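Every read-out reported here was derived from the displayed coordinates using simple, explicitly stated rules and does not represent laboratory data. Quantities reported herein were computed from a predicted structural model and do not represent experimental measurements. Methodologically, a virtual Cβ is constructed for each residue, glycine included, from the backbone with ideal geometry; neighbour enumeration extends over all protein chains shown.
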Amino acid sequence: MSKEIEDIRKEEIIKACEELYKTENFKDITIKHIGEKTTVSRTSIYNYFQTKEEIFLALFQKEYERWIEDLNKMYEENNTMSKDEFAKSLAHTIEKRPTLLKLLSMNMYDMEENSRMENLIEFKTAYGNSMKMVRKCLDKFFKAMSEKEKDEFIFLFFPLMYGIYPYTEVTNKQKEAMEKGGVPFKYLSIYEITYKGILRLLN
């Protein structure tokens, strides 16, 4: 089988997984379900991915690669940016990636634990490249920031991303429990949380 055909089939499997994840829970999705959404048989899927977690990890990697494309576009299209402009632009790149945020906060450990090392290394490379791209933007737009301040931004912003999804996707059951438990809740969008968080970190 040619590399081109292999890549096309992998892409089809990942896309099917992505579509299922929009409406179903991670734990309920099986390789059988994914196979039913593709032209690839369930047994043939194992030629490309050994576990469903590896398929999700490939989707996770693709999400980081898509985000890097957006970050690079932001970097290339702007010569200068104020803190507010940077916060808005970076927040918009995150706003487009709800699947990345969902995988990050809900299923990261399962994916990493049940994937082969070579797959995990490919994913970590994409993750690392996203950190490098954010750092590259900081280098370009905030020349007055010290190296320590840039490091602090990176190592606070990326953990912030872990918590965004659960605060923007709250079920009716969760809302009811919070109301009955006397827990105040105010809905904020992915953009609002990200934008406000970035501004706090920059200031």
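Exactly one of (1) assigned to a helix (DSSP H, G or I); (2) over 21 Å from ASN203 (Cα atoms); (3) touching a Lys or Arg at 6+ places or on another chain (Cβ under 9 Å); (4) among the hydrophobic types (A, V, I, L, M, F, W, C) is unmet by ILE154. Its number?
(2)
Taking the range 20-43 as the region of interest, how many residues are in a helix (DSSP H, G or I) and either exposed (fewer than 12 other Cβ atoms within 10 Å of the Cβ) or more than 17 Å from the chain's Cα centre (by Cα) (or both)?
Looking only at that region, the number is 10.
Would you check which residues across the range 157-168 are more than 17 Å from ARG200 (Cα to Cα) and surrounded by 15 or more Cβ atoms within 10 Å (Cβ to Cβ) and list them?
TYR165, TYR167, THR168
Starting from residues that are within 29 Å of GLU122 (Cβ to Cβ) and of a type in the set (Ser, Thr, Tyr), keep the ones in the range 63-93 and report whichever is nearest to the chain's Cα centre (by Cα).
Looking at the filtered set, the residue picked out is TYR64.
For every residue, the table says whether it meets (1) of a type in the set (A, V, I, L, M); (2) part of a loop (DSSP other than H, G, I, E, B).
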{"residue": "LEU90", "(1), (2)": "yes, no"}
{"residue": "LEU103", "(1), (2)": "yes, no"}
{"residue": "MET111", "(1), (2)": "yes, no"}
{"residue": "SER115", "(1), (2)": "no, yes"}
{"residue": "ASN119", "(1), (2)": "no, no"}
{"residue": "PHE123", "(1), (2)": "no, no"}
